[in-house]
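The values are calculated or read from the model by the stated rules, or taken from the named source; none is laboratory data. Remember, it's a predicted structure, so these values are computed and weren't measured experimentally. All Cβ positions, even for glycine, are placed from backbone atoms using ideal geometry, and neighbour counts span all protein chains on display. The area values use the complete protein model at the heavy-atom level, side chains included, leaving out ligands, DNA and RNA. Shrake-Rupley method; radii C 1.70, N 1.55, O 1.52, S 1.80 Å.
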Amino acid sequence: MNSLSRRKFLQISGSTFAAASAIGALGYAAKGSLALAEEKKESGIKKIPTYCNLCFWKCGAIAWLKDGQLWKITGNPLDPLSNGRLCPRGTGGIGTNTDPNRLKAPLIRTKKRGEDAWSVVTWDEALNYIAGKLNKIKSELGPESVALFSHGIGGNFIKHTFLAYGTPHIFAPSYAQCRGPRDVGFELTFGEGIGSPERTDIKNTRCMALIGSHLGENMHNSQVQELSVAVDNGASIIVVDPRFSIVAGKAKYYLPIKPGTDMALLLAWANVIIKEKKYDVEFVELYGLGFEQFAASVAQYTPEWAYTETGIEPQLIIETALELARNKPASFIHPGRHTTWYGDDTQRSRTIALVNALLGNWNHKGAFFKPVKLKVPSYPYPDYPESTRGRADNPGKKYPWAGEDEGLTNGIREATITGKPYPIKAWVTYSTNLINALPNQQETIKAIQNLDLMVAIDILPSEIAGWADVVLPEATYLERFDDLHSSPFTTPFLGIRQPAVKPPEDQKPGWWIAKKLADKLGLGQYFPWKDIEEYLKYRVESAGLSYDELKENGIILGEKLPNYVEEGLEQSFPTPSGKVEFYSPQLEEKGFPPIPVYTKHENPHDGYFRLLFGRTPVHTFSFTQSNPILQEMFEENEVWINADIAKSYNLKSGDYIKLKNQDGVVSNKLKVRATERIRTDCVYMVHGFGHQSKALKTTYNKGANDAQLVTKYKIDPIMGGTGMNVNFVTFIQEGV
Ligand SMILES: Nc1nc2c(c(=O)[nH]1)N[C@H]1C(S)=C(S)[C@@H](COP(=O)(O)OP(=O)(O)OC[C@H]3O[C@@H](n4cnc5c(=O)[nH]c(N)nc54)[C@H](O)[C@@H]3O)O[C@H]1N2
Ligand SMILES: Nc1nc2c(c(=O)[nH]1)N[C@H]1C(S)=C(S)[C@@H](COP(=O)(O)OP(=O)(O)OC[C@H]3O[C@@H](n4cnc5c(=O)[nH]c(N)nc54)[C@H](O)[C@@H]3O)O[C@H]1N2
Ligand code: SF4
Ligand SMILES: [Mo]
C-alpha cells in the first residue's frame, strides 16, 4: 500500500494558480512581441520567421540575428500553435547550432560496426557508396529489403526518395512506441483519431482528467498554455498518476493510482456515470451502438472493486466520475499521447474513448474540437512504383490495426533479425535514434549486425550514428528550408521553415541530401524542381497564396471554419456502423473483446520497483542533452524514489546508485531523489540521459538511460505497439 497521504491530495484548489505565473514557472520566455521595442533601438538586427524543431510540435518562431549572428529565438505572434511564445526548449534553439558535438562532414566507417573508426569523405563519395549498395540490394532482393526510419517533418524529402525507390517500409517510433494505441482506440470508437497536435480543447474545458499525460513536463506548447488558461478559469483538473507530477500540483483531485491499473478506474468511472444516470442520454441514444451491452458489462466494475485494483478509495472514484459528468459536455478525459505502456494499451485507450462518449463530448467545446487544415496541393510527382510483396513489419496482418504510415519499427526489426518473411538488408535513419527509442537495445543492435548497409542522417553523433556505416551530417533547422507546415488545428494555417544562417561546416539540408541521393539512384525524375524554393513556391502559389507573404510573416492563416457542434458543425462518426461503437463489431470479428475487459498486470517482486519514465520541461527525448543552453538548465537525470523506501535502503537525495533490471542489466550511476511525490511500488526517471555515444563528449555518461533498462516489452495484440512500463528495477549501492 502506498504511503502517500491520499487525503492530502484530495482537494488541492487550483484557484490560486494564475496563468502568468504558471507560464513563468515553467520557464516560458516573454511573448515575442515584447522584443519589437528592442529591435527599434538597435540596428543590425534581422528577423527571420521559421518554425521550431526542438520537438515535432513545429511552433512558429522568429530567429533574430544581430550583426549576422544568431541572437535569440522567440515565438511568432501570428502562429496559432505558439501564440507568440516558445516553450523553454524552443527558446534554447540556438544551442542546436552552437552544440560543440555537431557532426561536421560525411563519415564512412573504417572498422567493424560498434568500433569508433571513421574516415571523412566528400558528399559524392558518401552518396555514391550508399547508392551502389542500395541498387545492388534492389536488383538482388527487391526494394522492399530496405527500410527508412524517419521522425519529423524534415524527413518528407528523404521519404519521397525511398518511396520512389520502391519500398513501402517507412517507419517512425512515434507510432508503435508512442501514440499508436491511442489513435487506434479512438478510431475504433469514434471513427476518427486524435491527431497531432491533439484535438483537445483544453482552454475551454470545465473539467479535464489526465491519465499519466504529465502536461507541464510534457511541454507541447499549445497544450501547456491552454492548461494554464483553463486552471486560471477555475476548471477542475483530475490527475491520475503514480507520481505527483507538476500538473498534479494544479489539480483539484489527485489520484495516486497503482501503475498499470488505469483500466479498472476508467471502467469504474463508466459504472458510476451509468448507474447514476449522469451520462448524455441524448448523445448515446442518437449516436451510440451497443450501449446496452456496454452498460451490462461495466455493471461488474464497481468503485469498491476498482479500489482493490487501483488503491483509489471508492468515494474518490465516485466523486471524480460525477465531477466529469457534472461538467459535460465541456469535460473530458485527455487521450494522452505516449500510451505504449502495458500491452493492452489500445483497449485502455478505447475505454478512455468510451467514458468520453458517455459525456457526449465529441466535437464539443471544452472537450474534443474538430480540427481543420489549410489544404496545400502536393507537388505533381510521377507515381511511385507499387509493391505487391506485402509488408515485412506485420506479416499476414498479424496485428490487424497496425498503422502503415509510420509502421511497426519493432516489427521491421524482428524481420531484420529473422530474415522472415524476407530479408531486410539496409536501414536508413533520419532524425531518429533507434537505440534509445526502441525497447531492448540488444535486439536493435542484433538487427543492425544483419544489415549490408546502415546509414544515419543526423545532426549529432548520436548512438544510432555510432552504429552506422555511413553518417550524413544534416544542417540544423536554423540553417535550412524544410517542407511547408500545415497541421490540422483549431484554425487553418500554413508555416514555413527558412534558414537564418548558413551551415558552419560541410553539413547539408535534408532536401538536398534526398535529391542528390535520388539522382545517384537513377531516380532524378522524381525531383523535377531545381531547388527547394522552386518547390515551395509552386506549392504555396497553387494554393492561391503568396510565397513572398509567407516568407515575410512565417505564417498565413486560413479562413476560420467551425470546430464544434456549438458553431454549427454536423456530427458524423465514420466507423463502419456510422455510430459511436460502445460495442465493437470490428474487434469482435477479429477475435478481440468488443467491450473492454479488465486485465491484471504482473506486480514487482520484493525488492523490485516498476520503472516509469517521462519528460523534463527543458529536454526533448534523447536529442537535446548536449544543447549547451538546455544542458545548463538540466544536466543529468535523477531517480525518484519514495522517501520511506529510500530511508529503508539508507538512501538520501543526492546519493548515487545504479539500477539493475529483472534481466540483470545495470544502468549508469544516477542521483537519488528521495520524495513523498511517488508511490512506494515504482521509481521514475526522465528519459534521454545516460548517453552511451562517446562522441557526444559534453553529455556522455551523464545520468542514466531508461532505454537500456527497458529490455522487456509487451506487444499490443491489436496494433502491434510495444508496452514498455513492464520492467522492474532494484538498487545497486555498493561500489557506485
Ligand atoms: N519537454 C518535453 N515535452 C515533450 C516531449 C519531450 O521529449 N520533452 N516529448 C513529446 C512526446 S513525442 C510525447 S509522446 C509526450 C510524452 O508525454 P506524455 O504523453 O505525457 O507521456 P506519459 O507516458 O503519459 O507520461 C508520463 C507520466 O505518466 C505517469 N505514468 C507512468 N505509468 C503510469 C500508469 O500506469 N498510470 C498512470 N495513470 N500514469 C502513469 C508517469 O508517472 C509520468 O508522470 O511528450 C511530448 N512533450
Ligand atoms: N525508453 C524510452 N523509449 C522511448 C520513449 C521513452 O520515454 N523512453 N519515448 C518514446 C516516444 S514518445 C517517442 S515519440 C520516441 C522518440 O524517438 P526519436 O524520435 O528517435 O527520439 P530521439 O531519441 O531523441 O532521436 C532523435 C534523433 O534525431 C536527431 N536530430 C535532431 N534534430 C535533427 C535534425 O534537424 N535533423 C536530423 N537529421 N536529425 C536530427 C537527434 O540527434 C537524435 O539522434 O521514442 C520513444 N521511445
Ligand atoms: S513545443 Fe517547444 S520545442 Fe516543441 S516546437 Fe514548440 S517551442 Fe519548439
Ligand atoms: Mo512521442
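If I fit a long axis through the Cα atoms of helix 532-542 and take the longest principal axis of the Cα atoms of the chain, what angle between them do I get, 0 to 90°, rounded to 10?
50 degrees
With a 1.4 Å probe and every protein chain left in place, tell me how much accessible area V231 has, in Å² to the nearest 10.
Counting only protein heavy atoms, V231 exposes about 0 Å² to solvent.
Given +1 on the Cβ of Lys and Arg, -1 on the Cβ of Asp and Glu, and no further charges, what dipole in debye does the chain carry about its Cα centre, rounded to the nearest 20?
1100 debye
Rounded to a whole number, what % of the accessible area of the range 423-473 do carbon and sulfur atoms account for, probe 1.4 Å?
Carbon and sulfur: 50 percent of the exposed surface of the range 423-473.
Evaluate the distance, in nm, between pseudo-label points positioned 7 Å from the Cα of S139 and of E125 along their respective Cα→Cβ axes.
Result: 2.4 nm between the two label points.
Among rounded, prolate and oblate, which fits the range 423-474 when a ≥ b ≥ c are the square roots of the eigenvalues of its C-alpha gyration tensor, a/c under 1.5 means rounded, and a/b larger than b/c means prolate?
Oblate is the answer for the range 423-474, as a/c is 1.5 or above yet b/c matches or exceeds a/b.
Summing Lys, Arg as +1 and Asp, Glu as -1, what charge do residues with Cβ under 13 Å from the Cβ of E602 carry, E602 excluded?
That sum, taken over residues with Cβ under 13 Å, equals +3.
Could you calculate the FRET efficiency of E588 with E505 from 1/(1 + (r/R0)^6), where r is the beta carbon distance between them and R0 is 45 Å, rounded to 0.05?
Rounded to the nearest 0.05, the efficiency is 0.20.
How high is the FRET efficiency from K694 to I732, r the C-beta distance, R0 25 Å, rounded to 0.05?
That pair, K694 with I732, gives E of 0.60.
I'd like the FRET efficiency for V229 and N156, computed as 1/(1 + (r/R0)^6) with the beta carbon distance as r and R0 of 45 Å, rounded to 0.05.
In this case the efficiency is close to 0.85.
Ignoring everything except DSSP H segments at least 4 long, calculate the 222 nm mean residue ellipticity for the chain; use -39,500 (n - 2.57) per segment, divide by total residues, nearest 500.
Helices in the chain give a 222 nm mean residue ellipticity of -8500 deg cm²/dmol.
Leaving out ligands, DNA and RNA, and with a 1.4 Å probe, what % of the accessible surface on the range 512-586 is carbon or sulfur?
Ligands and nucleic acids excluded, carbon and sulfur reach 48 percent.
Out of L550, W512, L523, whose Cα points farthest toward the positive end of the dipole of the range 490-566 (charges: +1 Lys, Arg; -1 Asp, Glu; placed on Cβ)?
L523
For the range 609-732, what % of the accessible area comes from carbon and sulfur atoms, probe 1.4 Å?
51 percent
Based on alpha-carbon centroids, what's the gap between the range 227-298 and the range 382-436 in Å, whole number please?
Using only Cα atoms to place each centre, the spacing works out to 36 Å.
Check the straight Cα-Cα distances from K516 and name the lysines below 16 Å, setting aside those fewer than 8 residues away within the same chain.
Within the straight-line limit of under 16 Å, K516 reaches these lysines: K133, K159, K508, K530.
With each label point set 7 Å from Cα along the Cα-Cβ vector, what nm distance links D519 and E115?
3.5 nm
Rolling a 1.4 Å sphere over the protein heavy atoms, what is the accessible area per residue of the chain, to the nearest Å²?
Working: 26760 Å² over 736 residues.
It amounts to 36 Å² per residue over the chain.
Reported to two decimal places, what Rg/Rh ratio describes the range 262-403 when computed on Cα atoms with Rh from the Kirkwood expression?
Rounded to two decimals, Rg over Rh is 1.11.
On the full set of protein chains, 1.4 Å probe, figure out the accessible area of E479 and give it in Å² to the nearest 10.
About 10 Å², ignoring ligands and nucleic acids.
How far is helix 221-232 tilted off the main Cα axis of the chain, in degrees rounded to 10, range 0 to 90?
The answer is roughly 30 degrees.
Between the helical axis of 180-190 and the dominant principal axis of the chain, each derived from Cα atoms, what acute angle in degrees is found, rounded to the nearest 10?
With both axes taken from Cα atoms, the answer is about 60 degrees.
Just list whichever of K46/K515; K138/K515; K58/K203; K375/K560; K138/K420; K328/K590 have alpha carbons separated by over 23 Å in the model shown.
Beyond 23 Å between Cα atoms: K46/K515; K328/K590.
Classify the chain from the C-alpha gyration tensor, please: rounded if a/c falls under 1.5, else prolate or oblate depending on whether a/b exceeds b/c.
Cα axes put the chain in the rounded bin.
What does a probe at D531 reach in the range 119-152, counting residues whose amide N is under 20 Å from the point 7 Å along Cα→Cβ?
123-124
Can you give the % of DSSP beta bridges in the chain that are antiparallel, to the nearest 5?
50 percent
Quick check: residue separation of A299 and L65 times 0.36 nm, minus the Cα distance between them. What number comes out in nm?
78.0 nm
Looking at the range 609-732, what % of its DSSP beta bridges pair antiparallel, to the nearest 5?
55 percent
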